[in-house]
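For reference, the structure discussed in these notes is given below.
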Amino acid sequence: MKALEISGLKKVYAGGVEALKGIDLSVEQGDFFALLGPNGAGKSTTIGIISSLVNKTSGSVKVFGHDIDSDLERAKAQLGLVPQEFNFSQFEKVGQIVTHQAGFYGVPRAEAKVRAEKYLRQLDLWEKRDMPARTLSGGMKRRLMIARALMHQPKLLILDEPTAGVDIEIRRSMWQFLQELNREGVTIILTTHYLEEAEMLCRNIGIIDKGRLIENTSMKTLLGKL
Ligand code: ADP
Ligand code: ADP
């Protein structure tokens with residue numbers, strides 16, 4: 001079963017920038033996959049299209065077999081997204097940010113409370129549950145985004161530069177958390193600048209440059225080539 005299947009994906013932004021020039025990529029269920037590439041390569045555009053925040057120009061995207069054109073609701077139900085920018089209310093409380101998210105996905109309230117406690121504890125945020133988000137450190141905010149993305153228990157978690165600007169100790173604990181999540185069966189795709197991060201975590205890798213996928217291989221094979 002493929003967690004993600006992208007074919008012939010193109011994106012031309014208004015103004016004419018060709019951000020994606022025909023990407024073909026698939027990620028197997030259970031994989032831990034890194035999407036690497038320099039700034040401006042098209043990583044965020046790809047993630048934006050998968051999560052239907054950005055309209056594609058052409059091509060197709062399937063999440064666990066559900067086409068985002070014809071079956072968007074089911075595709076979305078399988079997908080958790082951790083975007084790069086903090087997009088929660090800074091004034092809302094940590095606990096409410098995650099339970100509200102569960103509400104959007106129709107998770108019953110009692111179940112939402114159970115999950116909120118589970119993920120906030122695992123991400124070391126439980127003590128902060130009654131604090132407004134603005135009081136959190138950058139690393140805590142990143143972890144809050146991860147907890148929130150898990151509240152509907154997606155089978156595929158996509159993270160855009162999840163550890164950017166996070167200090168090494170927190171980065172390590174986030175890595176451990178993601179590895180454990182992957183062991184429990186969640187397919188993970190992340191974009192990163194840190195080759196070390198991809199090396200630590202990922203089994204397979206895609207490298208995007210100037211809107212094209214220039215490498216798609218196992219981490220092992222890539223390291224053999226370097
Ligand atoms: P990456 O995430 O790899 O840094 P992006 O997907 O953000 O790359 O960007 C790919 C290309 O598309 C870049 O040339 C960028 O300037 C351009 N781009 C990104 N977002 C927009 C937008 N909203 N409007 C116009 N061009 C954009
Ligand atoms: P409180 O217990 O202080 O109301 P909650 O975070 O439990 O705080 O809920 C905040 C708001 O979000 C409430 O209005 C609640 O009805 C709503 N809410 C929370 N979880 C869900 C959910 N799973 N489904 C629908 N609405 C929810």
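The values are calculated or read from the model by the stated rules, or taken from the named source; none is laboratory data. Just so it is clear, the model here is predicted, and its values are computed rather than measured. Cβ placement follows ideal geometry from the backbone for every residue including glycine, while neighbour counts extend to all protein chains displayed. The area values use the complete protein model at the heavy-atom level, side chains included, leaving out ligands, DNA and RNA. Shrake-Rupley method; radii C 1.70, N 1.55, O 1.52, S 1.80 Å.
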How many of the residues making up segment 208-226 are open to solvent by 40 Å² or more (accessible area, probe 1.4 Å) and within 14 Å of ligand 1 (Cβ to nearest atom)? 5
Anything in segment 89-100 that is more than 20 Å from the chain's Cα centre (by Cα), loosely packed, with under 14 Cβ neighbours inside 10 Å and polar (S, T, N, Q)? List them, or say none. Gln90
Which pairs do you get when a residue that is open to solvent by less than 60 Å² (accessible area, probe 1.4 Å), found in segment 123-145, comes within reach of a residue that is of a type in the set (Lys, Arg) and not in a helix (DSSP H, G or I), reach meaning Cβ atoms under 9 angstrom, with the pair 6+ apart or on two chains? Pro132/Lys93; Ala133/Lys93
Pick from segment 20-44, criterion within 9 Å of ligand 1 (Cβ to nearest atom) and surrounded by fewer than 22 Cβ atoms within 10 Å (Cβ to Cβ), ranking: farthest from Arg203 (Cα to Cα): Gly40
Here's a check for you: in segment 87-132, which residue that is basic (Lys, Arg) and assigned to a helix (DSSP H, G or I) is farthest from ligand 2 (Cβ to nearest atom)? Arg121
Hey, among the residues in segment 66-88 that are under 18 Å from the mean Cα position of the chain (by Cα) and open to solvent by 50 Å² or more (accessible area, probe 1.4 Å), which one's nearest to ligand 1 (Cβ to nearest atom)? Gln84
Quick check on Gly211: is it in contact with a Gly (Cβ under 6 Å, 6 or more places away or on another chain) and at positive phi? yes
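Identify, from the list Lys76, Lys93, Lys118, the residue that is free of Cβ contacts under 8 Å to residues at least 40 places away in the same chain and closer than 16 Å to Ala147 by Cβ. Working first, answer last.
Details: Lys76 fails: closer than 16 Å to Ala147 by Cβ; Lys93 fails: free of Cβ contacts under 8 Å to residues at least 40 places away in the same chain.
The match here is Lys118.
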Among the residues of segment 101-122, the number that are within 27 Å of Ala3 (Cβ to Cβ) and surrounded by fewer than 16 Cβ atoms within 10 Å (Cβ to Cβ) is 9
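What are the residues in segment 162-196 that are in a loop (DSSP other than H, G, I, E, B) and buried (at least 20 other Cβ atoms within 10 Å of the Cβ), if any? Steps first, please.
Filtering segment 162-196 for residues in a loop (DSSP other than H, G, I, E, B) gives 162-167, 184-186, 193-194.
Once the filter is applied, which keeps residues that are in a loop (DSSP other than H, G, I, E, B) and buried (at least 20 other Cβ atoms within 10 Å of the Cβ), segment 162-196 yields Pro162, Thr163, Val166, Val186.
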